[in-house]
Structures are given as C-alpha cells and as structure tokens.
Amino acid sequence: MFPTISWLALYLPIPVFRNATKIQDRTFDYAQRALDRHAKRVEEVGEDPEPTVFSKLYTAGAEETWTPIEVRDNAQLFIVGGSDTTANTLIYLIWAVCKIPDVKKKLLKELETLSEDFRYDDLKEMLYLNCVIQETLRLYTTLPCGLPRIVPTGGSTLAGYFIPEAMTVTTQAYSLHRDENAFPNPYQFYPERWEHTTQEMKDCNMAFGKGSRACLGHHLAWIELRLITARFFRNFPNATISELEGMCDKDMEPALHFLMAPSGHRCLIKLNG
C-alpha cells in the first residue's frame with residue numbers, strides 16, 4: 001500500500017513483514033519473466049500470435065503509456081489475483097464434496113458419462129458439476145468482504161435511499177450469499193439449489209463481483225474450476241477426507257485476511273479412500 005517505504009519491511013525485526021516483502025519480490029520477478037517471454041514471442045513472430053491479458057500490458061509499455069514498472073506491477077496483480085483465489089475455491093470444493101457422500105456420488109455419476117478425451121465444452125454442459133462449483137463459490141467465496149466503490153457525480157438512489165456523490169459504499173458478498181430469501185438454508189452446502197436458478201439468486205450472486213469492475217479473470221476461473229474438478233474426481237473417485245495429524249472440520253473453518261482460506265492452513269485428502 002505504501003510502495004515508497006515498503007523496502008523498510010526487510011529491516012524490521014518482525015518475520016512476517018520480511019517474509020511478505022520477499023514473497024512480493026518473487027512474484028514481481030515471476031511477472032517480469034512472463035512479460036519477457038511474451039515480448040520474445042512477439043519479436044520472433046513479428047506480431048502477437050496468441051493475444052492474452054499480457055498483450056494489452058505489453059502494448060501499453062511499448063506505446064509508453066505505462067512505465068515498465070507499471071506494466072510489471074499490473075502483470076503481478078493479474079497473476080496473484082488468478083492464483084490463490086481459484087486454489088482456495090478448489091480446496092473448499094474438494095473438501096465439501098468428499099464430506100457429503102450424496103453430493104460426491106451424484107457428481108461421480110455425471111462425470112462417468114464423459115469420454116476419455118473429453119473437451120472443455122463438454123464440461124460446460126454438465127448440470128451437476130456446474131451446480132457444485134456455483135455452490136462452492138456461494139458458500140466459500142474467496143473474497144467475501146466488501147470492496148469499496150465511490151458514488152458517481154449526481155449521487156444515486158438505491159432501495160429508496162439517496163446516496164450523495166463521492167460517498168464510499170461497499171457491498172459484501174458474504175451477507176448476500178447467505179440471504180435466506182434467495183438461498184433457503186443458506187449455511188447448507190446444497191448444489192441442487194442451482195438446478196433452478198431464480199432471478200433473486202442471480203442478483204445476490206457476487207462471487208466475481210458485478211458491473212464494470214467485476215473480476216477480469218472470471219472466465220479463466222471457470223475454465224480452471226471445471227477442468228480441475230472433473231480431472232480430480234475422475235482420477236481419484238475414492239478420495240476421502242484424511243484424519244491424519246488430527247485433521248478435522250475445525251481446520252476448515254474460514255479465516256479472512258484479504259482472501260478467505262482455511263484457518264488450519266491445510267486440507268488433508270486421502271486419495272485412495
């Protein structure tokens with residue numbers, strides 16, 4: 001948050017600050033190497049062969065609308081934003097499915113209909129797989145806290161209340177995803193609720209945010225969630241929650257820092273049942 005003084009963290013006698021700074025430096029280095037690889041491909045081919053999110057960053061740097069540091073920092077933001085978020089969602093998805101036999105049985109039955117050489121488009125049509133993912137995103141939203149927004153010029157009226165311009169407002173997904181009017185028994189992991197999605201459910205769904213500032217990578221996230229879920233449970237249909245080292249539900253209680261993750265910092269799964 002304060003880049004001009006963040007280097008001081010390396011010299012503070014507090015391990016968490018020093019470690020955070022070192023991790024940040026590694027992600028900056030990873031982002032720069034990704035940009036360098038992209039630049040090399042463009043140089044070799046003479047044009048952008050496979051446009052990606054890095055294409056716009058590279059173009060902004062080439063046109064000098066952004067400085068090299070700004071390009072690198074934004075690349076780092078995209079990489080980090082698309083890593084822990086999806087990983088944490090998959091942790092809770094695998095745990096929840098393994099914890100509820102009926103859910104797992106129904107998911108496995110649907111996945112058995114896939115051919116060995118299935119394609120991603122096949123997964124988009126699988127009703128229960130997508131219901132399981134949607135329910136995980138609802139109950140275990142990676143970013144459940146509110147992100148601030150500033151009311152534009154002229155103000156706005158919401159639900160009968162006038163909010164003045166320049167006012168900072170926020171809506172948290174955690175509360176919306178537990179609205180009993182939209183989601184009866186909101187604390188229950190119940191994928192079937194998404195088989196008949198209502199407009200109210202859609203309105204309350206904030207897993208990727210909404211509007212012009214919605215998550216830039218939500219399409220990529222869905223690709224990863226579908227592919228990894230399908231591959232995991234097809235390869236390990238007998239996976240169960242491990243009891244090694246005292247692993248229990250308490251380890252999976254959500255803890256919120258910036259992203260939500262298991263408070264026990266682990267999820268032990270026995271792959272062969």
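Per-residue packing, averaged as other Cβ atoms within 10 Å, sorts the ranges 136-144, 116-124 into the order 136-144, 116-124, beginning with the highest. Counting only alpha carbon atoms, the long axis of helix 68-81 and the longest principal axis of the chain meet at about 10°. Here K270, K250 are placed in order of increasing Cβ neighbour count within 10 Å, fewest first, which gives K250, K270.
Under a model in which nothing but the beta-carbon of Lys, Arg (+1) and Asp, Glu (-1) is charged, the chain shows a dipole of about 580 debye around its Cα centre. Close amide H contacts of I163 (hydrogens built in the peptide plane, cut-off under 5 Å, sequence separation of 5 or more or a different chain): S156, T157, L158.
For K270, the residues 5 or more places off, or on other chains, whose built amide H falls under 5 Å of its own are T240, I241, S242.
Rounded to the nearest 500, what is the chain's calculated 222 nm mean residue ellipticity when only DSSP H runs of at least 4 contribute -39500 (n - 2.57) each, over all residues?
Values: 10 runs with 128 residues, N = 273.
The helix-only estimate for the chain comes to -15000 deg cm²/dmol at 222 nm.
Against the chain, whose longest principal axis comes from its Cα atoms, helix 15-45 is set at around 80 degrees. Scanning residues 5 or more positions from L143 or on other chains, those with amide H under 5 Å from its amide H are M260, with H placed 1.01 Å from N in the peptide plane. Listed by chain and number, the lysines whose alpha-carbon sits under 26 Å from that of K56, ignoring those within fewer than 8 places in the same chain, are K40, K210. Could you give the angle, 0 to 90 degrees to the nearest 10, between helix 84-99's Cα long axis and the longest principal axis of the Cα atoms of the chain? Its long axis makes an angle of about 10 degrees.
Read-outs throughout are calculated quantities, based only on the coordinates presented, and are distinct from any laboratory measurement. From a predicted model like this one, the values you see are computed outputs, not experimental measurements. Counting neighbours? That spans all protein chains shown, and the Cβs are built from the backbone with ideal geometry, glycine included.
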